[in-house]
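Below you'll find the structure, written out as structure tokens, and then a few comments.
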Amino acid sequence: MNERTSSVAANNGPLAIICGGGSLPFTVADAAQRQGRRVVLFALRGWADASRVAGYPHHWVAITRIGQFRRLANAEGCRDVVMIGTAGRPPLRDFLFDLYTLSLVPRLVSLFRGGDDHLLSGVARLFEERGFRLLGAHEVAPEILVPEGLIAGRTPTERERSDIARGLALLRATGPFDVGQAAVLADNHVWAVEGAEGTDAMLARVADMRRSGRIRAPAGAGVLVKAPKPRQERRIDLPSIGPTTIEGAAQAGLAGIAVVAGSAIVADAGRITIVADRAKVFVVGVPADEPKS
């Protein structure tokens, strides 16, 4: 545990978790509670799982109501904030702002004129300028980070290791352009690169290409590679995998998944091995500079 993580763990003040979809917000909340911290969920309408949110102290908030969040978080005594879970990026024209957020519209317009890194870094600054300390979910719950080594399934072959290394090199090259965090490769051939659609939709695209005959390789070929972008705002947007990722890889006919260890997070870690073994998909944590075999 590094010095920053130690100071996070030692802070017993209330923790605000801006809670999107998926299971990760609750994993982080449980980890914080085990450390003795009081947790308050700020659940995003339309995204957070209401049945699970109900088990924690919480408020329902809209993603465009910064003033509402600020008022409620201050009332709860929350200085530390974690943003975790899935949430879409709706068009700015669809936003319904509160009065406080209206004063930020020119700045928000500027943030939306760019990729996700530009937007998320700007959001982080907005929180910090208003007296909050934005933490990465992995700083509160380091156990959610992907470890190095084989996590589930069989050991990747030398050919698959070569595809993993090529995939990492590809993502390093595209990262400065703020493209996605994932790619699918087989036999040194790039099948897909993640764009705005996200990993699950990219895997569905690969599955569709198999069904249509555009990919002729047999099932059990190909690797999903995930890695953070070089200048990514890691407190908000680390790449993640979970059972749904494994199921998507299996439906796409892939052999396995490789993720950069220590720079990605895993949802429902307890189910990963079960789902991967059932789907016959390997999952491995690799160094950022995985060498070719």
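The values are calculated or read from the model by the stated rules, or taken from the named source; none is laboratory data. Here the structure is a predicted model, which is why all the values come from computation and not from measurement. Cβ: placed from backbone, ideal geometry, glycine included. Neighbour counts: every protein chain shown.
Things worth noting here:
- Any hit, the stretch 201-223, residues being modelled with pLDDT of 95 or more, under 14 Å from the mean Cα position of the chain (by Cα) and under 26 Å from G85 (Cβ atoms): no
- The lone exception for R89 - which of (1) under 16 Å from I236 (Cβ atoms); (2) at pLDDT below 70; (3) in contact with a strand residue (DSSP E or B) (Cβ under 7 Å, 6 or more places away or on another chain); (4) not hydroxyl-bearing (S, T, Y) it fails: (3)
- Near pairs, Cβ below 6 angstrom, 6+ apart or cross-chain, from the stretch 217-246 (in the same structural domain as A182 (by TED's automatic domain parsing)) to any residue that is among the basic types (K, R) and outside any loop (DSSP other than H, G, I, E, B): P239/K226; P243/R271
- On the stretch given as the stretch 8-28, residues that are surrounded by 19 or more Cβ atoms within 10 Å (Cβ to Cβ), within 22 Å of N74 (Cα to Cα) and touching a helix residue (DSSP H, G or I) at 6+ places or on another chain (Cβ under 9 Å) total 9.
- Per the listing R34, R71, R45, the residue uniquely surrounded by fewer than 15 Cβ atoms within 10 Å (Cβ to Cβ) and within 16 Å of E139 (Cβ to Cβ) is R34.
- Output for the stretch 39-55, where each listed residue is of a type in the set (D, E, K, R) and within 16 Å of M83 (Cα to Cα): R45, D49
- Residue that is surrounded by the most Cβ atoms within 10 Å (Cβ to Cβ) [pool: residues in the stretch 265-286 that are at pLDDT 95 or above and part of a loop (DSSP other than H, G, I, E, B)]: V281
- Against the conditions (1) assigned to a loop (DSSP other than H, G, I, E, B); (2) at pLDDT 95 or above, N12 satisfies every one except (2).
- Neighbours by Cβ (under 7 Å, 6+ apart or cross-chain): first from the stretch 17-41, part of a strand (DSSP E or B); second aliphatic (A, V, I, L, M) and surrounded by fewer than 19 Cβ atoms within 10 Å (Cβ to Cβ): G21/A87
- Checking the stated criteria, V190 turns out not to satisfy the condition of being over 20 Å from V281 (Cβ atoms), among the β-branched types (V, I, T) and out of contact with any strand residue (DSSP E or B) (no Cβ under 6 Å at 6 or more places or on another chain).
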